[in-house]
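Remarks on the structure that follows.
The values are calculated or read from the model by the stated rules, or taken from the named source; none is laboratory data. No experiment lies behind these values; they were computed from the predicted model shown. Quick reminder, even Gly has a Cβ in these numbers, built from the backbone with ideal geometry, and neighbours come from all protein chains shown. Please note that ligands, DNA and RNA were not included when accessible areas were found on the heavy atoms of the full protein model with its side chains. Shrake-Rupley method; radii C 1.70, N 1.55, O 1.52, S 1.80 Å.
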Amino acid sequence: MAKLNLSLQLAKKAQKKSAKNSCSVYLIHDNKQLLQNHDNKNTLTAPLQNLIKASNFGGKICETAISFGTDESPSLLIVGVGKADKLNGTALQKIAKTIYTTLSKNHKSATIYLDNSLDSVQFGQLALALLNASYTFDKYKSKKDDKILLNQITLQVLTDEKTGSLEAFEQSLALQNAIFIGQSLTKDVANEPPNVCFPAYMAKQAKDLAKQYPDLLTVKVLGEKDMEKLGMNCFLAVSRGSAKEGQLVLLEYNGLTKGKNKAKKLENPIVFVGKGVTFDTGGISLKPGEGMGEMKFDMGGAAATLGAMKALCEARLPLQVVGALACAENMPSGDATRPGDIVTAMNGTTVEILNTDAEGRLVLCDTLTYVQQYKPKVIIDMATLTGACIIALGHVRTGLYSNDEDVIFDLEQASEDAHDRVWHMPLDEDYQEQLNSHFADVQNIGGRPAGSVTASCFLSRFVKDVPWAHLDIAGTAWISGSKAEATGRPVPLLLNYLNRQVW
Ligand code: BES
Ligand code: MN
Ligand code: ZN
């Protein structure tokens, strides 16, 4: 058995000078033992036993008891984890949140002692959840919450043949730290208000990112003039009503060349495409006012693409990956696209736009056509595409649509490992007829039945002979309500997917 200290770099916070003590954290099972230990050497030290007795601790999930230490001796925190066999990703996320909120305002550092019942996958889920617990977006608050002290968490793990090798834990930690950095960027840009975050702002973020990783990333931005030349009239139809110029942003990552030599052209890269509607009013098919403010998150797919590219740079995976951000603002105006307008897509398909609120598929279809120039190995697009997907899957699982069994398998596996879950949805030909137009090749809406499926069917018409998957993240890209906030999903899924492609 090997012991290993793994440290997490939490989100940077303003530090108070006063040196507060550290805390030792133990996870306790509801039989009042340490998290189930397969060789039964789960002896509790006297201080732990005393704390359990004194606090009448039962070990229920997220139950806590703490005994405060001094500057010299660390505090002791015990956290219930319930039944060990129920310790799934959701439970680990709750446990992480409990640990973080219990300690963040009164301890500078913490060491969590894990026993050998968590394997390297569960360990990764816990580590990422601890990191994400430290994320805040208080840029626009005059009074910042400066009471956060906790800036360092060490995870001490025991590794053996059951839990995984030392390398597996180390690699998982490196991946989680990279994911957290990318996911935080995704959240940061998605949380920005729509008067700040419009298409050119997204392009600027991509350019800044490319400057940060000059040996890995290059960026190209297409404006509306460029798109006109290419015949991207579906994309332009969305942007038309807005005073803000639409932008198609291309980030090219080459992790296969060493040092400064990145001239090598990408060969069959993996391509990510993100819907970047920086605000979706619905256009002339105007949305109702209630909750419309949340439509600032309609660029969540592009934000996730940007964040995934950053995480990829941090992880330096030996792959070639393109991230395409399809950025436009959907506004009504005297010159906006009308319901009934017919436009010709970049691939020659004529599209009858019967509802200007079904705009995501319009920016995506031309972007999908465009990225096929890269001769991709696989295209994965992500989009806050349909309210119907929320009706089908709620806010737990992302809708997964694909034309390729292997891609489905890989994404499903990656999603379980990342605990960033998807559900495979159908794409039968039969649904396509709902998109038949009386006047054009296709119409952009398919009626109420299976609204998330027909949106995907629309996209599928623009992908020819390439393995492709579409992720409908309408229910998972942000938490809705009075505390609406971006989740940074599906960055963990995408990075776990990419990581699988390396090994
Ligand atoms: N961005 C929305 C989808 C959406 C709605 C995401 C609510 C998250 C929460 C998308 O552009 C849209 O408006 N879709 C329409 C499609 C319909 C007009 C066919 C929808 O879902 O109502
Ligand atoms: Mn819309
Ligand atoms: Zn939209």
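For the range 95-119, filtering for residues that are open to solvent by 20 Å² or more (accessible area, probe 1.4 Å) and within 23 Å of Gly164 (Cβ to Cβ) leaves 4.
Identify, from the list Gly307, Gly301, the residue that is of a type in the set (Gly, Ala, Ser) and either in a loop (DSSP other than H, G, I, E, B) or within 15 Å of ligand 1 (Cβ to nearest atom) (or both).
Details: Gly307 fails: either in a loop (DSSP other than H, G, I, E, B) or within 15 Å of ligand 1 (Cβ to nearest atom) (or both).
None of the other options fit; the residue is Gly301.
Which condition number does Asp357 fail, the rest of (1) more than 16 Å from ligand 2 (Cβ to nearest atom); (2) assigned to a loop (DSSP other than H, G, I, E, B); (3) within 31 Å of the chain's Cα centre (by Cα); (4) surrounded by fewer than 23 Cβ atoms within 10 Å (Cβ to Cβ) being met? Every listed condition holds for Asp357 apart from (1).
Listed here are the helices (runs of 4 or more DSSP H) enclosed by the range 177-292 that have at least 2 residues being of a type in the set (Gly, Ala, Ser), more than 30 Å from Leu8 (Cβ to Cβ) and within 16 Å of ligand 3 (Cβ to nearest atom): 233-239. Look at the range 263-275: where a residue is within 29 Å of Ala190 (Cα to Cα) and a partner is part of a loop (DSSP other than H, G, I, E, B) and within 16 Å of ligand 3 (Cβ to nearest atom), sitting 6+ places away or on another chain with Cβ atoms under 8 Å, you get Lys275/Thr384; Lys275/Leu385.
Within the range 119-166, restricting attention to residues that are modelled with pLDDT of 90 or more and among the small types (Gly, Ala, Ser), which residue is farthest from the chain's Cα centre (by Cα)? Among them, the one singled out is Ser142.
Out of the range 272-295, which residues are surrounded by fewer than 24 Cβ atoms within 10 Å (Cβ to Cβ) and either of a type in the set (Lys, Arg) or more than 9 Å from ligand 1 (Cβ to nearest atom) (or both)?
Of all residues in the range 272-295, those surrounded by fewer than 24 Cβ atoms within 10 Å (Cβ to Cβ) come to 279, 282, 284-295.
Phe279, Ile284, Leu286, Lys287, Pro288, Gly289, Glu290, Met292, Gly293 - these are the residues of the range 272-295 that are surrounded by fewer than 24 Cβ atoms within 10 Å (Cβ to Cβ) and either of a type in the set (Lys, Arg) or more than 9 Å from ligand 1 (Cβ to nearest atom) (or both).
When the range 188-217 is filtered for residues that are surrounded by 20 or more Cβ atoms within 10 Å (Cβ to Cβ) and either in the same structural domain as Leu118 (by TED's automatic domain parsing) or without any contact (Cβ under 8 Å) to a residue 40 or more places away in the chain (or both), nothing remains.
So which of Glu252, Glu228, Glu294 ends up being over 28 Å from Val321 (Cα atoms) and of a type outside the set (Val, Ile, Thr)? Reasoning before the result, please.
Numbers: Glu252 fails: over 28 Å from Val321 (Cα atoms); Glu228 fails: over 28 Å from Val321 (Cα atoms).
The match here is Glu294.
Would you check if there is a residue in the range 368-375 being away from ligand 3 (no atom under 16 Å from the Cβ), in a loop (DSSP other than H, G, I, E, B) and either touching a strand residue (DSSP E or B) at 6+ places or on another chain (Cβ under 7 Å) or under 17 Å from Thr454 (Cα atoms) (or both)? Scanning the range 368-375 turns up no residue that is away from ligand 3 (no atom under 16 Å from the Cβ), in a loop (DSSP other than H, G, I, E, B) and either touching a strand residue (DSSP E or B) at 6+ places or on another chain (Cβ under 7 Å) or under 17 Å from Thr454 (Cα atoms) (or both).
Would you confirm, using the coordinates I've provided, whether Leu77 is assigned to a helix (DSSP H, G or I) and at pLDDT 95 or above? It is false that Leu77 is assigned to a helix (DSSP H, G or I) and at pLDDT 95 or above.
Restricting attention to the range 451-483, the residues being farther than 21 Å from Gly348 by Cβ, open to solvent by 30 Å² or more (accessible area, probe 1.4 Å) and more than 11 Å from ligand 1 (Cβ to nearest atom) number 5. Between Pro318, Pro339, Pro332, the distinction of being within 18 Å of Gln501 (Cβ to Cβ) and at pLDDT 95 or above belongs to Pro318 only. The number of residues in the range 55-67 being open to solvent by 80 Å² or more (accessible area, probe 1.4 Å) and either acidic (Asp, Glu) or free of Cβ contacts under 8 Å to residues at least 12 places away in the same chain (or both) comes to 1.
Taken together, Ala311, Ala328 contain a single residue that is open to solvent by less than 10 Å² (accessible area, probe 1.4 Å) and away from ligand 3 (no atom under 16 Å from the Cβ), which is Ala311.
Can you find a residue that is hydroxyl-bearing (Ser, Thr, Tyr) and within 24 Å of Glu359 (Cβ to Cβ) anywhere in the range 243-264? Let's see the steps before the verdict.
Here is the first cut: in the range 243-264, the residues hydroxyl-bearing (Ser, Thr, Tyr) are 253, 257.
Add one more test, that the residue is within 24 Å of Glu359 (Cβ to Cβ), and what stays is none.
Scanning the range 243-264, I find no residue that is hydroxyl-bearing (Ser, Thr, Tyr) and within 24 Å of Glu359 (Cβ to Cβ), so the answer is no.
If the condition is being touching a residue at least 40 places away in the same chain (Cβ under 8 Å), touching a Phe, Trp or Tyr at 6+ places or on another chain (Cβ under 9 Å) and over 16 Å from Leu495 (Cβ atoms), then the range 124-140 contributes Leu130, Ser134, Tyr135.
Could you please find all residues in the range 289-312 being of a type in the set (Gly, Ala, Ser) and within 16 Å of ligand 2 (Cβ to nearest atom)? Quick ask: steps written out before the conclusion?
Of the residues in the range 289-312, the ones of a type in the set (Gly, Ala, Ser) are 289, 291, 293, 300-304, 307-308, 311.
Matches in the range 289-312: Gly289, Gly291, Gly293, Gly300, Gly301, Ala302.
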